[in-house]
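Participant: Take a look at this one; I'll ask things after.
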Amino acid sequence: MNAFIDIDMRALEKSQARAARIRRGGLRNALFHDVKDRAIDGQSNRFNVPFPYGNGFIMLKPNCFGELTKKKVGFRIDHIDNSELADTDGALSLMVDDERIQFRLELEKCERGYAIARMCEIDSRSAVSIGCDITEEYNERIAGHSVRVVTRARLKEISLCKEGAAGDDAFAVLVDTTATPKPVAGSRSATFNAAQALHKVTRKVRKLKAQIAATYDAPRPVRWSMPVDQLNRMQTEETERLIAYARKVHGISN
C-alpha cells in the first residue's frame, strides 16, 4: 500500500511542477525549460556580397526586399512551411540597413522556444538562410563569374538551418536579453561580432570532421584526381576572391 501512495505522491508533485511551468512560460516551453530573458540574435544575409547558390553565384542588392516594416516575415526551421514558429507580427524583429539584415527572435513569445534555444546551443542548427520570391534580377560578370544580381524580391521567411548558402554571413546565437542589447540597424555590437567569429570557426571544424568521416568511414579507399583538401581550398579561395572583387567594385569595406 505504501508503494502505491509513494507513486501517487510523486505523480502529484510532477503535475504541480508542470502546472507551475505552464503558468510561467506557456505549454510548449513548459515541456522543456523556462526561456525567460532568452532570445536568438542573428544575421540573415549581407548585401552586395556574392555567395554560392545552386550551380553559380547570387548577390542581393540593398533594399531589394523593400520596406520590411510593412511586410510579414516568418521564422522557420529548414524552410519547412509547417515549421513556422513566429513572425514579424509577434516574436521576430528585423533590423535592416544597406549592409545586412539582423534579427532578434524572442523565445518567450515563440512557439517551441526552448527547442530553438537548444538547437543553437548545441550547434544542431546555428546557421541561417532566407526564403524569398525573386521578381527582378540581372546577370553581372564579377571576377570572371556570372552572378545573379537580385534587385527586387519578396522576403517570405528566415530559417534556422544546419548550413546556409551565405556561409559565414548568415548565423544565429543564443543570448541573454538582460545582458545583450537588441541588434541595431547600422551597427554591430562586440557580442555580435564575436558570435560571427565563433560561427566561422565552427563551420570550419564541421567541414573538417565531415572530411575525416568521409575518409575513414568509406568502405574502400577512394582515389581522387586531386586531394579533397586541395579542392576545398581552391573553392574557398575562388569564393573569397569573388567576394573581395565585388566589395571593391561596390566600394564596400569589411
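The values are calculated or read from the model by the stated rules, or taken from the named source; none is laboratory data. All values derive from a computational prediction rather than experimental measurement. Methodologically, a virtual Cβ is constructed for each residue, glycine included, from the backbone with ideal geometry; neighbour enumeration extends over all protein chains shown.
Participant: Within segment 118-143, work out how many residues are surrounded by fewer than 11 Cβ atoms within 10 Å (Cβ to Cβ) and of a type in the set (D, E, K, R).
Facilitator: Summing the residues that are surrounded by fewer than 11 Cβ atoms within 10 Å (Cβ to Cβ) and of a type in the set (D, E, K, R) in segment 118-143 gives 2.
Participant: Shifting gears a bit: Which members of segment 75-103 meet the condition of being in a strand (DSSP E or B) and surrounded by 20 or more Cβ atoms within 10 Å (Cβ to Cβ)?
Facilitator: As a first pass, look at segment 75-103 and keep what is in a strand (DSSP E or B): 75-77, 86-87, 92-96, 100-103.
Residues satisfying the conditions are 75, 76, 86, 92, 96, 100, 101, 102, 103.
Participant: Looking at segment 44-62, which of its residues are surrounded by fewer than 17 Cβ atoms within 10 Å (Cβ to Cβ) and modelled with pLDDT under 95? Steps first, answer last, please.
Facilitator: First pass over segment 44-62, keeping only residues surrounded by fewer than 17 Cβ atoms within 10 Å (Cβ to Cβ): 52-56, 62.
Once the filter is applied, which keeps residues that are surrounded by fewer than 17 Cβ atoms within 10 Å (Cβ to Cβ) and modelled with pLDDT under 95, segment 44-62 yields 52, 53, 54, 55, 56.
Participant: Here is a follow-up. Would you please list the contacts, defined by Cβ atoms under 8 Å and residues six or more apart or on different chains, that run from a residue in segment 51-68 that is part of a loop (DSSP other than H, G, I, E, B) to a residue that is surrounded by 15 or more Cβ atoms within 10 Å (Cβ to Cβ) and acidic (Asp, Glu)?
Facilitator: Listed pairs, sorted by first residue: 62/99.
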